[in-house]
Amino acid sequence: MQKGVPQIMDITSIRSVLHYLTRNILPTKFETAQQPEPNTIQLCFRGVDSQTWLEVSWNGESPRILKINKPEKIGRESTLSKQIRYGLKYMALISIDQDDYERVIKFGFAKKPGDEISKYLIFELMGKHSNIFYLDNKHKIIAVGKQIKSSQSSFRTISTGSIYSDPPVNLKKQPKEDESFQSWKESISTVPKSLKYCLINTYQGVSPILTKQLEIFSNTNESEIMEKNIDLINDAILKEIFKSWKIWINRFQNKNFYFSTFNNYFYSVWFLDKEINCENKIDLCTGLENYYDHHLKQKKFELLIKKVEGIIFKQTNNEKKNLNIQYDLLSNSENYKIYKEKADKIFTKSEIKKQDIIKGQKLYKKSKKLKRSRELIKDRLNIYKTNIDRLDEFTTLLENLNYLYKDELFVKIKLLEEILEEICNEFNINIKRQKEDKKNTSEIQSLPIQVDTPTGLKLQVGRNMRQNDLISFKFSKKGDLWFHAQESPGSHVVLKSSSQAASEQDLQIAADLAALFSKAKRNIKVPINLVKIKDLQKIKKGGPGCVSFKNGEIIWGNPTRGEDYIKKNLKTVI
């Protein structure tokens, strides 16, 4: 598996989570459900003195079941979550079933513990074939994560109202702890391919990550042993792999699970920290939640970056295209003098016919129209130029995210979502959006960066257009100072000098940060506008963060010095 993609939750990981759930949440009362993303459902169960949240995803790239901390309220308006909430209201979870090496999980619900099961939630966590089913007591499908039409699959169609059928039977060999080395070797040597291929295609429950774990755990001193042809691997090495294989089977069957990370990226739930010289000791459910939370947020962050960059690129091209059209029209409008001169010549003739008069009048009319249009064209040129500059500002805000060293991923994601919304609102761009709860309108918004100067004054840096507006007008007071790179897109920086007089050192740090958070950040020195807040004005009909000023002065900022300062002094912000 490649780095940068979250590790697929295989059967061993699934079994480890189910082992925890069986011991800790049976029986519990179903409380609520929400669907924060199209392929993810979050379920809440209430015990006698505790509440447990589960997250189940049938996303093909990262199917998973996890115990999670209480999430934000989002996705309660989805049809699937409403159906589950309504159908399982006041019911109790009384059983969790999963057979051997099958990645199918069945939750059974009854009116109360001891009663017959009347509703089911079934999770099939099988890569691209993953799905969720909500069934009645006769296994009729009430709701499903994704429906499969007959045109998509002739083997197994899935739709509401039909009877649920199990996935195809796994015909591979089942791992047995009492199997001999010779039998194991013969089984995997039938087709002479890579050891990884042979294990995956011979035995149930074997995933690419498990083969990687066996390789690490066996410590054979052979690199990439799983990629070698089985006929080229000697018995001594195969026996080491076989020892690890038997340990895995033993721990899988006896439910001895432990969470550990290895190779700085992967995780395992079946070998011990000390067995791989790992110092990271963490609770299994917490470890799994943290792992997927981090890597899925990292992936979301990267996708959001690409999405915003793509929108900016497309919109910039549109604005440039419209700008070139206006330049062509402006060039064409220069001909108004030519049409006027042609008309003048017609009316200076000694003999003027009726058709000459009509032609001359048309030429005068065209000349006047082209002359009048010049001002309108110039106005449109200014609009398109301003739009291109504005998009350049958004690009700079994206680049500035790289300098938020101590920010958590969720902060960066929040900032990206706000920047995306600002671009879409400003340029009337329609994109698909997640349906949000009506009650979720007061969601926490991100805050500007705030650091202290050496003398204790507060410095605020805007990270999107809304924040630029806030620190420049709403949060500022008379006596504060405003900084911005001269003729270069960038963040607004405000020095809170209304509380006490700013020193030369304070002014320099503010200028350095304004240089760092600007498009000119790669220059050695950057000219910075220093303006008193009272001399700052919001541009009418301009977007958020559009300002004009008077009585400014220029000081020089050093981006490198600003970067060093913020690395040492920035605290995590929301």
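The values are calculated or read from the model by the stated rules, or taken from the named source; none is laboratory data. All of these numbers come straight from a predicted model, not from anything done at the bench. Every residue, glycine among them, receives a Cβ derived from its backbone with ideal geometry; neighbour counts consider all protein chains shown.
Residues in the stretch 64-76 that are modelled with pLDDT under 95 and surrounded by 16 or more Cβ atoms within 10 Å (Cβ to Cβ): 3 in all.
The combined condition, being in contact (Cβ under 8 Å) with a residue 40 or more places away in the chain, outside the structural domain of PRO38 (by TED's automatic domain parsing) and not hydroxyl-bearing (Ser, Thr, Tyr), is fulfilled by ILE209. Check whether at least one residue in the stretch 273-284 is at pLDDT 90 or above, over 20 Å from the mean Cα position of the chain (by Cα), over 30 Å from LEU398 (Cα atoms) and in a helix (DSSP H, G or I), and report yes or no. Yes, the stretch 273-284 has at least one match. A count restricted to the stretch 17-29 and to residues that are surrounded by 20 or more Cβ atoms within 10 Å (Cβ to Cβ) and either under 19 Å from GLY127 (Cβ atoms) or in contact with a Cys (Cβ under 8 Å, 6 or more places away or on another chain) (or both) stands at 1. Consider the stretch 508-547 and keep the residues that are touching a Pro at 6+ places or on another chain (Cβ under 8 Å) and crowded, with 21+ Cβ neighbours inside 10 Å. The one that is nearest to GLU418 (Cα to Cα) is SER518. Here LYS185 qualifies as outside the structural domain of GLU55 (by TED's automatic domain parsing) and out of contact with any strand residue (DSSP E or B) (no Cβ under 9 Å at 6 or more places or on another chain).
The residues on offer are SER497, SER503, and the sole one that is surrounded by 21 or more Cβ atoms within 10 Å (Cβ to Cβ), among the small types (Gly, Ala, Ser) and within 20 Å of LYS458 (Cβ to Cβ) is SER497. Collect the residues in the stretch 1-54 that are in a strand (DSSP E or B), within 22 Å of the chain's Cα centre (by Cα) and of a type in the set (S, T, N, Q), keeping them in residue-number order. Across the stretch 1-54, the qualifying residues are GLN34, GLN35, THR40, GLN42.
If the condition is being of a type in the set (D, E, K, R) and over 26 Å from GLU408 (Cα atoms), then the stretch 517-574 contributes LYS525, LYS532, LYS534, ASP535, LYS538, LYS540, LYS541, LYS550, GLU553.
Can you spot a residue in the stretch 40-53 that is over 16 Å from PHE123 (Cβ atoms), at pLDDT below 95, aliphatic (A, V, I, L, M) and touching a Pro at 6+ places or on another chain (Cβ under 8 Å)? Within the stretch 40-53, not a single residue is over 16 Å from PHE123 (Cβ atoms), at pLDDT below 95, aliphatic (A, V, I, L, M) and touching a Pro at 6+ places or on another chain (Cβ under 8 Å). Listed by position, the strands (runs of 3 or more DSSP E) inside the stretch 435-528 whose residues that are at pLDDT 90 or above and closer than 26 Å to LEU391 by Cβ number at least 2 are 458-461, 481-485, 493-495.
Any residue in the stretch 515-544 that is hydroxyl-bearing (Ser, Thr, Tyr) sitting within a Cβ distance under 7 Å of a residue that is at pLDDT 95 or above and not in a loop (DSSP other than H, G, I, E, B)? List the pairs, counting only those 6 or more apart or interchain. Pairs that qualify, where the first residue is hydroxyl-bearing (Ser, Thr, Tyr) and the partner is at pLDDT 95 or above and not in a loop (DSSP other than H, G, I, E, B), are SER518/ALA485; SER518/VAL526. Flag not set for LEU80, criterion: in contact (Cβ under 8 Å) with a residue 24 or more places away in the chain and over 28 Å from the mean Cα position of the chain (by Cα). Of all residue pairs spaced 6 or more apart or on separate chains, those with beta-carbon atoms under 9 Å, a first member in the stretch 406-425 that is outside the structural domain of GLY543 (by TED's automatic domain parsing) and a second member that is surrounded by fewer than 19 Cβ atoms within 10 Å (Cβ to Cβ) and hydroxyl-bearing (Ser, Thr, Tyr) are LYS406/THR572; ASP407/THR572; GLU408/THR572; VAL411/THR572. Of the residues making up the stretch 231-272, those that are among the polar types (S, T, N, Q) and either at pLDDT below 90 or closer than 26 Å to LEU21 by Cα (or both) are ASN250, GLN253, ASN254, ASN256, SER260, THR261, ASN263, ASN264, SER268.
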